[in-house]
Amino acid sequence: MHLLKWLYPGMKFKRWLLLFSAGVMLVSLGLALVFNYKYLDYIEEAIFRAVYLWKGSYNYTFSTLIGIAVVALGVVLMLVATRFVIRSVITVLLPDNSERLVDIIYEKRRLGKGPTVAVVGGGHGLSVLLRGIKSATSNVSAVVTVADDGGSSGRLREELGIIPPGDLRNCLVALADTEPLMEKLFQYRFKGTSELAGHSFGNLFIAAMTEVTGDVETALKESSKVLAVKGQVLPASKDHVRLDAVMEDGTVVEGESHIPEVHKRIRRVRLFPEHAQPVQSALDALTTADAIILGPGSLYTSIMPNLLVDGVAEALRKSRAVKIYICNVMTQPGETDGYTASMHAKAIIDHGGKGVIDYMLVNAAPISRDMQAYYAERGAYPVEVDEEAINALGIGFVKADIISETDLIRHDPDKLCRSVMQMVYRFQPGGMDGKDRL
């Protein structure tokens, strides 16, 4: 009975089915003329009479040509009917993108065959990487920090008792395959002096979805459907945690947003409470990944909190995936002042254990003097790539142009994706081992 619904009035479907059926009949008749002409005397006689041939001995060659012509006509009718059947369905389901259907199908098939990549981090840097990586594979899992306590995320965290949605929102938008207006909507921040002022619509949407579904992981899955997300976005933990930093002088700074404000060298960071339960889907993503990417992003406040969640660092160490850390291009005032590339990597190893990094990706593009001066006024400087010290840590490194220099120094999504995927294909198990070639 379900199939009969295709025959409902107004479907604009029946006429093309009828045309297709006529084509099938013509193809069958044509094939019969070609292969079974001895049993079609009456049909052949009618054909010959129609073309003013006198009745006599049958011409096998001419009969075959007539059959081929009938088959060709039938095939044409079938193709035309098929085209209009598909078009009738597409114009309803994809009214604005019907011309891009072939491109959409090809893209989804191609991206679905890409490597499985797990990206770990938070902040603006993570979303930049995701914008690029989604053009190479749709098998992406973003494992996102939940230690943010500033801005709209911090307010919602305190008022509603949910994990901070800001970084999760940015990752959803970065992986989304949706209209620009929807992206602007999710990133829109309310202005004015009302209680909504400063809140992002996307944060409120995720908060509302969490209350409706009763679970933030489910809320993210449902939000992903709205935004047509390529891949999945997962919190590292669902627990309400606080990030603290123990400084070199022994003082402790409580709260992620306060750590850069004290301008002291960080010895290590820790979570409070100490044992945060991981999200199982995040651990599964790390376990099954072909490649795990750390960063880019703030070293201590975006990357480290993920490694401190129970089981995450262990999953990283045990994973057979190629593990790549994308080093920051500039130092971050109050967090990584004076840090070289090897010091960034050593801090991650100190917190996550040996084996959490196999390779580093560092910037090789020169930074203009004007831009260096601009950043120096704000206490930030280019990260020095100390090659010998990196090798001494037992990890390899790749130097590449991965930035775009406009009004600010930022990682370029396309350049970043290209360099990362080259490393993934080159260094993943079974691929070319390049440690000795770097």
### Message
Going by what's in this entry, would P305 be described as buried (at least 21 other Cβ atoms within 10 Å of the Cβ), under 18 Å from R242 (Cβ atoms) and either out of contact with any Asp or Glu (no Cβ under 6 Å at 6 or more places or on another chain) or at pLDDT 95 or above (or both)?
### Response
yes
### Message
Under 6 Å between Cβ atoms, which residue pairs at least 6 apart in sequence (or on different chains) link something in region 127-149 that is in contact (Cβ under 8 Å) with a residue 60 or more places away in the chain and more than 25 Å from H240 (Cα to Cα) with a partner that is charged (D, E, K, R) and buried (at least 22 other Cβ atoms within 10 Å of the Cβ)?
### Response
K134/K230; S138/K230
### First in region 304-318 and more than 12 Å from E274 (Cα to Cα), second anywhere and polar (S, T, N, Q) and surrounded by 18 or more Cβ atoms within 10 Å (Cβ to Cβ), Cβ under 7 Å, 6 or more apart
N306/T145; V312/N306
#### Entry: Answer from G214, G311 - the residue that is at pLDDT 95 or above, farther than 30 Å from V385 by Cα, more than 19 Å from the chain's Cα centre (by Cα) and among the small types (G, A, S)
G311
### Query
Within region 49-86, restricting attention to residues that are among the polar types (S, T, N, Q) and surrounded by 13 or more Cβ atoms within 10 Å (Cβ to Cβ), which residue is modelled with the lowest pLDDT?
N59
### Message
Taking the conditions exactly as written (touching a residue at least 40 places away in the same chain (Cβ under 8 Å), farther than 19 Å from G122 by Cβ and surrounded by fewer than 21 Cβ atoms within 10 Å (Cβ to Cβ)), does A208 satisfy them or not?
### Response
no
### Query
If you take the residues in region 231-261 that are touching a residue at least 40 places away in the same chain (Cβ under 8 Å) and open to solvent by 60 Å² or more (accessible area, probe 1.4 Å), which one is farthest from G122 (Cα to Cα)?
E261
### Query
Within region 136-156, which residues are over 23 Å from T287 (Cα atoms) and surrounded by fewer than 22 Cβ atoms within 10 Å (Cβ to Cβ)?
D149, G150, G151, G154, R155
### Message
Regarding region 268-277, can at least one residue be identified that is of a type in the set (V, I, T), open to solvent by 10 Å² or more (accessible area, probe 1.4 Å) and either closer than 30 Å to G379 by Cα or at pLDDT below 95 (or both)?
### Response
no
### Subset of region 187-197 [at pLDDT 90 or above and open to solvent by less than 70 Å² (accessible area, probe 1.4 Å)]
F190, A197
### Summary
Those residues of region 381-397 which are open to solvent by 30 Å² or more (accessible area, probe 1.4 Å), in contact with a helix residue (DSSP H, G or I) (Cβ under 6 Å, 6 or more places away or on another chain) and outside any loop (DSSP other than H, G, I, E, B) amount to A389
### Task
Could you list all residues from region 292-318 that are assigned to a loop (DSSP other than H, G, I, E, B), on the phi < 0 side of the Ramachandran plot and out of contact with any Ser or Thr (no Cβ under 6 Å at 6 or more places or on another chain)?
P296, S298, L308, D310
### Residues of region 205-246 satisfying the condition of being part of a loop (DSSP other than H, G, I, E, B), at negative phi and in contact with a Leu (Cβ under 8 Å, 6 or more places away or on another chain)
K230, V241
## Note on the structure
The correct count of residues that are touching a Ser or Thr at 6+ places or on another chain (Cβ under 9 Å), part of a loop (DSSP other than H, G, I, E, B) and within 24 Å of R270 (Cα to Cα) in region 129-166 is 10
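Here's the yes/no breakdown for (1) surrounded by fewer than 20 Cβ atoms within 10 Å (Cβ to Cβ); (2) in contact (Cβ under 8 Å) with a residue 60 or more places away in the chain:
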site: I324; (1), (2): no, yes
site: P333; (1), (2): yes, yes
site: H344; (1), (2): no, no
site: G353; (1), (2): yes, no
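The values are calculated or read from the model by the stated rules, or taken from the named source; none is laboratory data. Keep in mind the model is a prediction, meaning the values are calculated, not measured. Here Cβ is always computed from backbone atoms with ideal geometry, including for glycine, and neighbour counts include all displayed protein chains. Each accessible area value is taken on the protein alone, full model and side chains, heavy atoms only, with ligands, DNA and RNA left out. Shrake-Rupley method; radii C 1.70, N 1.55, O 1.52, S 1.80 Å.
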